[in-house]
Amino acid sequence: MKNVLLVISGPSGVGKGTLVKALKARREDVVESVSCTTRLPREGETHGKEYYFLSKEEFLRRIDEQDFLEYDEHFGNYYGTPKSFVKEKLQTHSVILEIDVVGGLNAKKAFPDCLLIMIVPPSVEELKRRLKGRGTESDEAIAGRLSRLEYELSKQDEYDCVIVNDDFDRALNELESVLDTARCK
Ligand code: ADP
Ligand code: 5GP
């Protein structure tokens, strides 16, 4: 069986983080990639855990050296997936990238062997309920996140696989079986 690169995308609040955490708890052979960013660490964040925090100069140098599988700019800061980290981890583990649709499609161009998985909600109403229930965002921020929904869902056809996160355990089992099928190919 080989190790694989799984790219997980989907609208904010659909359950990506919860699914990835549960998959990692089940599977010792799976790790999550740590991205690089030029934004400052938030309280409680550590270099090498949530992100590798780089200066803008260092990030630009690494773009020049083609060290990113993909990178993008969000809110005035750069974010990127380090090729070196992913390649090293793939020697011993399957690796998960949790990135947005634009990053996911760029990752596929750079690394065609990766598997693009989109997590979708059973309905827009249920997605709104989860975003509100999580309690981490204001109504305005929720509206901003929902405004990207249509665009993200419109890219489903370009993904290798779409998982509906209706019942959590069912969706987790499906994610695990997608991983196992990809490892056997
Ligand atoms: P994302 O990482 O995609 O933004 P989260 O993993 O933070 O989303 O999940 C958003 C909220 O939805 C969380 O409160 C989580 O517990 C809840 N949630 C996740 N999956 C399900 C599910 N299948 N059914 C009901 N609630 C869920
Ligand atoms: P935050 O600053 O809140 O941690 O993340 C801001 C945004 O950057 C989120 O939408 C997140 O998905 C995105 N992001 C984080 N890491 C990466 C990455 O490696 N590549 C890309 N393209 N986006 C990322």
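The values are calculated or read from the model by the stated rules, or taken from the named source; none is laboratory data. Predicted, not measured: the structure shown is a model, and the values here were computed from it. Note: ideal-geometry Cβ built from the backbone for every residue, glycine included; neighbour counts use all protein chains shown.
Details
- Positions within region 146-164 being crowded, with 16+ Cβ neighbours inside 10 Å, touching a Leu at 6+ places or on another chain (Cβ under 9 Å) and part of a helix (DSSP H, G or I), in sequence order: 146, 149
- Taken over region 20-44, the criterion of being in contact (Cβ under 8 Å) with a residue 24 or more places away in the chain, among the small types (Gly, Ala, Ser) and over 21 Å from residue 80 (Cα atoms) is satisfied by 22 alone.
- Any hit, region 26-44, residues being over 25 Å from residue 141 (Cβ atoms), assigned to a helix (DSSP H, G or I) and within 16 Å of ligand 1 (Cβ to nearest atom): yes
- Listed conditions (1) under 30 Å from residue 126 (Cβ atoms); (2) buried (at least 18 other Cβ atoms within 10 Å of the Cβ); (3) over 13 Å from the mean Cα position of the chain (by Cα) are all met by residue 82, apart from (1).
- Meets criteria (among the aliphatic types (A, V, I, L, M), surrounded by fewer than 17 Cβ atoms within 10 Å (Cβ to Cβ) and within 12 Å of residue 14 (Cβ to Cβ)) for residue 127: no
- Note on region 1-19: among residues that are under 17 Å from residue 81 (Cα atoms) and of a type in the set (A, V, I, L, M), the one that is farthest from ligand 1 (Cβ to nearest atom) is 4.
- The lone exception for residue 7 - which of (1) under 22 Å from residue 137 (Cα atoms); (2) in a strand (DSSP E or B) it fails: (1)
- Pairs meeting the criteria (first residue in region 76-87 and under 18 Å from residue 7 (Cβ atoms) and in contact (Cβ under 8 Å) with a residue 12 or more places away in the chain, second residue of a type in the set (Ser, Thr, Tyr) and within 16 Å of ligand 1 (Cβ to nearest atom), beta carbons under 7 Å, at least 6 apart or on different chains) are 79/35; 80/35; 81/33; 81/35; 85/33; 86/33.
- Among the residues of region 107-132, those identified as within 16 Å of ligand 2 (Cβ to nearest atom), out of contact with any Leu (no Cβ under 7 Å at 6 or more places or on another chain) and either farther than 21 Å from residue 145 by Cβ or at pLDDT 95 or above (or both) are 109, 116, 118.
- Yes/no for residue 59 being modelled with pLDDT under 95, farther than 27 Å from residue 156 by Cα and either among the aromatic types (Phe, Trp, Tyr) or within 12 Å of ligand 2 (Cβ to nearest atom) (or both): no
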